[in-house]
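Here, each number is a calculation from the coordinates, and none is a lab measurement. What you see is a predicted model, and the numbers here were worked out from it, not measured in a lab. Note: ideal-geometry Cβ built from the backbone for every residue, glycine included; neighbour counts use all protein chains shown.
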Amino acid sequence: MRGTARRAVKRGGGGQSAPARIVGIPRADRPLPGTVARQVERGVGVRHSKSTSERLQKAIDAFERERYAEASQLLVVLGRQLPGMALVHELAGLCAYRQSKWRTVINELEAVRVLDVSRTSVLPVLADAYRAVRRWAKVDDLWQELKGHSPHPAILAEGRMVAAGALADQGKMLEAIGLFKSVLAVPKRVQEYHLREWYVVADLNDRVGNVTDARRMFDRVAKYDRAFADVEDRLAQLGAPR
């Protein structure tokens, strides 16, 4: 995703980052789940359900292979065929996100919110799109909404990083750092999203001149994964403790 809070885990195109497997999206190498197949059939009828399902599977495959423009073209057709299907809008929004087409992201993922309020995993992505167009109030609203859903910790971490990035974009660095106070303890099992949050905290502290705190958090990230992002370079830039 965009900005300081998401450059922490840059993984590829557009300076964005996202999980390799998106929650709620079927796998391309398996038949569509029964619930999805039934939605397709209800949307286009039995006669056209096979060809439409095949198109949807091709779109999912293109998305998984990071061929986002190709997936987007398939999803334009699917969007006309299945305008009430949240999965189609979500895929279209995620493809647009990977292509930095922020207005399309907003339109598609706002549609998801209307069609299926349970798909909380889209909220951090939608918030980041609003961040890209500098709609700070919307970012904060989505962050508050996400917290209210009590989602999986990994999804909550995504939202927290976006919210902190938006605050940092506005020069509210201490407020951004403050968002992470509740997640700085080391858990029994450290996951990638913990490393991402710690890296972001380190980066923010470095930006405001809190070298000691920055080095401490970068050291913690390196302890668990020395190959994580550019953590070794950041530690080298900070130099040895005085």
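How would you rank Ile60, Ile25, Ile177, going from fewest to most other Cβ atoms within 10 Å of each one's own Cβ?
On the way: Ile60 24, Ile25 17, Ile177 21.
Least to most surrounded, the residues fall as Ile25, Ile177, Ile60.
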Point to revise | Reduced Cα scattering model of the range 4-182, Debye log10 I(q)/I(0), q = 0.11, 0.17 Å⁻¹ | key: -0.47, -1.04
Check your understanding: Which pairs, out of Lys50/Lys101; Lys147/Lys188; Lys181/Lys223; Lys101/Lys172; Lys58/Lys101, put more than 32 Å between their alpha-carbon atoms?
Key -> none
Exercise for review: Rank these for me by crowding, Phe63, Phe180, Phe218, going from fewest to most other beta carbons within 10 Å.
Suggested key: Phe180, Phe63, Phe218
Check your understanding: ³J(HN,Hα) across the range 94-105 via Karplus (A = 6.51, B = -1.76, C = 1.60, θ = phi - 60°), whole Hz, x for Gly/Pro?
Key -> 5, 5, 5, 4, 5, 9, 6, 9, 5, 5, 5, 3
Revision key, fill the gap. Footprinting proxy, Glu41, Glu108: sorted fewest to most Cβ within 10 Å, the residues are Glu41, Glu108
